[in-house]
Amino acid sequence: MKLYHATHLSRLRAIASQGMHSHSYWASDEAVSDYYVETVEDEGGTAVVLSIDLAALESLCSRKGLELEPDFPGLMEPITSAIGKSEDEIFEGWDECDGTWRECLDLIGSLRSPVEIPASLLAVECGEDTMSLADYLQLQASRPSGPTF
């Protein structure tokens, strides 16, 4: 399963050199990711969607003795239009479960990473294609107008 994180194009160089900061939020649902793409664009930015394999992120956390975390802000103020559930359905679903990150992912389609994520584990979603972050930056730099950073 892939997880997605929408960010500003202007942040990619920093992410490529430093990795993704800890406590970043990741969506398994493309509708949730699309919501955040719109948010970046509403702020006047150019959105880029990063992705990571859930198993790779889970393994990274495990090596550090940590577990993925529920997306508590997403539970408290759910994006009902993207999730397709009412607030009541989400609140009731959360009250009825054990409160794990997996249940959060199932319920609202998002989670939080407690660890920094190396750039080498990140990919960029380009329409139907996926490419490594490094390849994406190289492609952007080779374009005549250069990257928009």
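Summary table below
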{"read-out": "Residue among Gly65, Val32, Ser132 farthest towards the positive dipole end of the chain, charges placed on Cβ", "value": "Ser132"}
{"read-out": "Accessible area (Å², 1.4 Å probe, nearest 10) - Leu121", "value": "60 Å²"}
{"read-out": "Residue-level accessible surface for Ile83, protein heavy atoms, 1.4 Å, Å²", "value": "30 Å²"}
{"read-out": "Computed magnitude of the charge dipole of the stretch 1-75 (debye, nearest 20; Cβ of K, R +1, Cβ of D, E -1)", "value": "520 debye"}
{"read-out": "Where GluC sites (Glu not before Pro) in DSSP loops with at most 16 other Cβ within 10 Å are excluded, longest remaining stretch of the chain", "value": "1-42"}
{"read-out": "Globularity ratio of the stretch 44-136, using Cα Rg and 2.2 N^0.38 Å", "value": "1.24"}
{"read-out": "Distance in nm between pseudo-label sites at Thr80 and Gln18 (7 Å out along the Cβ direction from Cα)", "value": "3.7 nm"}
{"read-out": "Estimated FRET transfer efficiency (Cys126, Leu66; beta-carbon r; R0 30 Å; 0.05)", "value": "0.50"}
{"read-out": "Accessible area of the chain divided out per residue, in Å², using a probe of 1.4 angstrom", "value": "55 Å²"}
{"read-out": "Dipole-positive endmost among Thr80, Leu107, Ala6 within the chain (Cβ charges, Cα centre)", "value": "Ala6"}
{"read-out": "For the stretch 87-119 versus the stretch 1-39, the gap between their alpha-carbon centres in whole angstrom", "value": "17 Å"}
{"read-out": "Total charge dipole magnitude, the chain, about the Cα centre, Cβ charges on Lys, Arg, Asp, Glu only, Debye to nearest 20", "value": "1080 debye"}
{"read-out": "Apportionment of accessible area to carbon and sulfur, the chain, percent (1.4 Å)", "value": "46 percent"}
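The values are calculated or read from the model by the stated rules, or taken from the named source; none is laboratory data. For clarity, every value in this text was computed on a predicted model and none was experimentally measured. Ideal geometry is used to build each Cβ from the backbone, glycine not excepted, and the neighbour counts take in all protein chains shown. Only protein heavy atoms, including side chains, enter the accessible area calculation; ligands, DNA and RNA are left aside. Shrake-Rupley method; radii C 1.70, N 1.55, O 1.52, S 1.80 Å.
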